Amino acid sequence: MGVMSETISVCCTACGRRHRYTAPSYPCACGQPVAPALDPEGSASPVTHRAWDEEWITVRCAACGAGSPWPRPELGCPCGTVLCVPVDATAPGRSERAPGSRVPAHRAVPIRTARDAVTAAVLYLRGLGHRDVRRADQRPLSGVGLAAPGIVVQVDPAADPASVRDVECLWLTAMAESARCVYFSLAGYAADARVRADLLDVPLFVLERTGVPRPANASAVALDATAD
């Protein structure tokens with residue numbers, strides 16, 4: 001098996017396109033964020049049918065050794081194929097300093113309401129250096145719009161994953177204002193929304209219930225790395 005990698009190249013079995021894929025992290029019971037170890041030498045396989053037992057993989061925390069079931073890594077290609085991303089089953093999950101820890105633990109706000117989700121996003125943006133965060137003048141189709149000099153943000157506390165339309169609308173708003181954009185979602189993102197975000201270079205973050213946003217794609221990982 002290959003060496004575990006935070007981001008790997010995945011080739012679509014149907015159209016041959018290559019995509020960069022970063023596995024999302026999930027909190028272990030011990031508190032450490034864990035992400036499955038990806039296999040850069042493995043091959044993706046198309047998802048042709050759904051079975052509950054096949055939707056999960058066991059990931060072992062490198063910090064405490066506990067093994068827990070996590071959603072199987074998948075990637076949606078623009079051609080319509082859903083790919084099962086290869087995982088290195090012999091390696092423990094990554095539990096290094098997780099991206100998204102720009103919110104100090106003592107300042108994190110547990111998310112119980114939509115207002116808490118907005119607060120968590122604002123704290124994270126301040127950690128990235130955006131001090132003057134305010135409500136955006138233009139309200140998004142769903143969620144709450146935020147803005148700071150040079151950036152527009154959407155915070156989506158809905159129970160359903162953000163859609164491709166949500167991502168496209170945010171990107172168009174940012175283009176109109178000559179700004180960059182960032183999306184925060186409490187329920188994650190639909191597969192086609194992730195694909196479109198990667199094509200448009202839109203950073204996607206998942207808001208964990210602990211109040212700490214976690215990068216959900218390569219653009220978000222790159223943005224997180226710019227923080228002081």
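Which of the peptides 212-219, 72-79 is most tightly packed, and how do the rest follow, going by the mean number of other Cβ atoms within 10 Å of each residue? Please list the in-between numbers first.
Working: 212-219: 24.1, 72-79: 18.0.
For the peptides 212-219, 72-79, the packing ranking is 212-219, 72-79.
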Under a plain spin-label model, where a point goes 7 Å from the Cα along Cα-to-Cβ, how far apart in nm are Arg209 and Thr90? 3.6
The answer for Ala35, listing residues at least 5 apart or on another chain whose modeled amide H is closer than 5 Å to its amide H, is Tyr26, Arg94
What number, in percent, do you get for the relative contact order of the range 105-191 if the mean sequence gap of Cα pairs under 8 Å and at least 6 apart is divided by its residue count? 24
Arg72 versus Asp132, label points 7 Å from Cα toward the beta carbon: distance in nm? 5.0
Extension gain Arg139-Ala51, at 0.36 nm per residue separation less the Cα-Cα distance, in nm? 27.8 nm
Counting each pair of different Cα atoms once, what's the Kirkwood radius of the range 135-228 in Å, rounded to one decimal? 13.0
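Estimate the FRET efficiency between Glu177 and Thr119 by the formula 1/(1 + (r/R0)^6), using the beta-carbon distance for r and 22 Å for R0, to the nearest 0.05.
After rounding to 0.05, the efficiency reads 0.40.
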Note down the net charge around Tyr189, summing +1 for each Lys or Arg and -1 for each Asp or Glu among other residues with Cβ under 13 Å from its Cβ. -3
Distance in nm between Thr226 and Ser9 label points, each 7 Å along Cα→Cβ, equals 2.5
Let me check I've understood the local charge: for Ala176, count other residues with C-beta under 14 angstrom from its C-beta, Lys and Arg +1, Asp and Glu -1. What total comes out? -2
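Quick note: the coordinates plus some simple rules give every number you see, no bench work behind them. This one's a predicted model, so the numbers in the text were calculated from it and none came from an experiment. Note: ideal-geometry Cβ built from the backbone for every residue, glycine included; neighbour counts use all protein chains shown.
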